[in-house]
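Inspection log for the structure reproduced underneath, given as structure tokens.
FYI, it's all coordinate maths here, none of it is from the lab. Quantities reported herein were computed from a predicted structural model and do not represent experimental measurements. Counting neighbours? That spans all protein chains shown, and the Cβs are built from the backbone with ideal geometry, glycine included.
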Amino acid sequence: MLTGQGNETVAVAAMREGAQNYISKSTITPDAIQRAIQVAIEHCSMEKRINEQRNSLEIFARALAHDLKEPGAHDPIVPRPARFAGDPI
């Protein structure tokens, strides 16, 4: 959010309403704009990763709930011990 009113009350209200950053026109610099853009990009990327992980967890939870309701529907794969030369067949 960019504003001409360098007021903390306005900044807090804007952040509560979803603004990711607050820059007052009186303190604006190219570095401040670049930093705000970088933070916004990182924030969006993190939100995307969180949503992807949430979706994966929901799929896993559904599969787990199904398996708990239907025990034996899928036999677990039990790994066999490794065989070595000289072991009996």
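The table that follows gives values for the structure above.
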| item | result |
| --- | --- |
| Gyration tensor over alpha-carbon atoms, the stretch 1-72, equivalent ellipsoid semi-axes in Å | 44, 14, 5 |
| Per-residue ³J(HN,Hα) for the stretch 51-61, Karplus 6.51 cos²θ - 1.76 cosθ + 1.60, θ = phi - 60°, Hz, x for Gly and Pro | 5, 5, 5, 4, 4, 4, 5, 5, 5, 4, 4 |
| Taking Val10, Val39 and counting other C-beta atoms within 10 Å, the order from fewest to most | Val39, Val10 |
| Fully extended contour minus Cα-Cα distance, from Val12 to Ile28, at 0.36 nm per residue | 4.0 nm |
